[in-house]
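S.K.: First, the structure itself, so that you have it in front of you.
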Amino acid sequence: MTIEAAAIGLGYFLLTLGVYLSSNAVAIAGAALWVIAFQPVVKVATGTALGVGYDYVYLERGEPRFKMEYGSYLARTRWARIALHLSGAIGSPLGAYLAAMLAHDRLPVTYWSR
């Protein structure tokens, strides 16, 4: 989680620097970091809020893998387990949306919506 939090912080720094310098490349790099880093943070936070514990974390090809305590996962209701899995699909779009909202006034190429 420390690595993910650092990536979110670095992404914020790059986004604000890109907006300040009017640099689409720097802002897009920050947005890319947010797209990558928000997914595990949202999923683990949701799991923790729902009462799911985690045994350990490891990196697989640079991507963090959080291993749930299977018993705590199975003890959740069906809807809590569904919500946990759906939360894994929210983080990356959330990171992209927040980056777009931060850059939309000053960097139309970074924002780029139709």
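The values are calculated or read from the model by the stated rules, or taken from the named source; none is laboratory data. The shown structure was predicted, so the numbers you read here are calculated from the model rather than taken from an experiment. In this analysis, Cβ positions are derived from the backbone assuming ideal geometry, glycine residues included, and neighbour counts consider all displayed protein chains. The accessibility values were calculated without ligands, DNA or RNA, using every heavy atom of the protein model including side chains. Shrake-Rupley method; radii C 1.70, N 1.55, O 1.52, S 1.80 Å.
S.K.: Quick one: the Cα spread of the chain along its three principal axes, in angstroms, biggest first?
M.R.: Ordered largest first, the chain gives principal extents of 50, 28, 20 Å.
S.K.: While we're looking at this one, here's another question. Which whole-number value in Å² is the accessible area per residue of the stretch 1-66, probe 1.4 Å?
M.R.: The answer is 57 Å² per residue.
S.K.: Here is a follow-up. Once you've got the GNM for the chain with C-alpha springs shorter than 10 Å, pick whichever of T77, T46, T16 has the biggest mean-square fluctuation.
M.R.: Maximum among the listed residues: T77.
S.K.: With a 1.4 Å probe and all protein chains left in place, how much of the accessible area of the chain comes from carbon and sulfur atoms, in whole percent?
M.R.: Roughly 65 percent of what the probe reaches on the chain is carbon or sulfur.
S.K.: While we're looking at this one, here's another question. What is the sum of charges, Lys and Arg at +1 and Asp and Glu at -1, for the other residues whose Cβ falls under 11 Å from the Cβ of Y73?
M.R.: Taking every Cβ under 11 Å from that of Y73, the sum is +1.
S.K.: Per DSSP H run of at least 4 residues, take -39500 (n - 2.57); add these up for the chain, divide by its residues and hand me the 222 nm value, nearest 500 deg cm²/dmol.
M.R.: Using -39500 (n - 2.57) per qualifying helix, the result is -21500 deg cm²/dmol.
S.K.: How tilted is helix 24-49 with respect to the longest principal axis of the chain? Cα atoms for both, answer in degrees (0 to 90, nearest 10).
M.R.: 20
S.K.: What are the ³J(HN,Hα) values, in whole Hz, obtained from phi via the Karplus relation 6.51 cos²θ - 1.76 cosθ + 1.60 with θ = phi - 60°, for each residue of the stretch 4-12 in sequence order, with x given for Gly and Pro?
M.R.: Computed from phi, the couplings for the stretch 4-12 are 5, 5, 5, 5, 5, x, 5, x, 4 Hz.
S.K.: Starting from the amide H of E69, placed 1.01 Å from N in the peptide plane, find each other amide H under 5 Å away whose residue is 5 or more places distant or on another chain.
M.R.: Result for E69 returns G53, Y54, D55.
S.K.: Considering only DSSP states other than H, G, I, E and B, which trypsin sites (Lys or Arg not before Pro) in the stretch 1-74 qualify as loop sites with at most 11 other Cβ atoms within 10 Å?
M.R.: Within the stretch 1-74, the qualifying trypsin sites (Lys or Arg not before Pro) (loop, at most 11 other Cβ atoms within 10 Å) are R61.
S.K.: Summing Lys, Arg as +1 and Asp, Glu as -1, what charge do residues with Cβ under 14 Å from the Cβ of V52 carry, V52 excluded?
M.R.: Its environment carries a net charge of +3.
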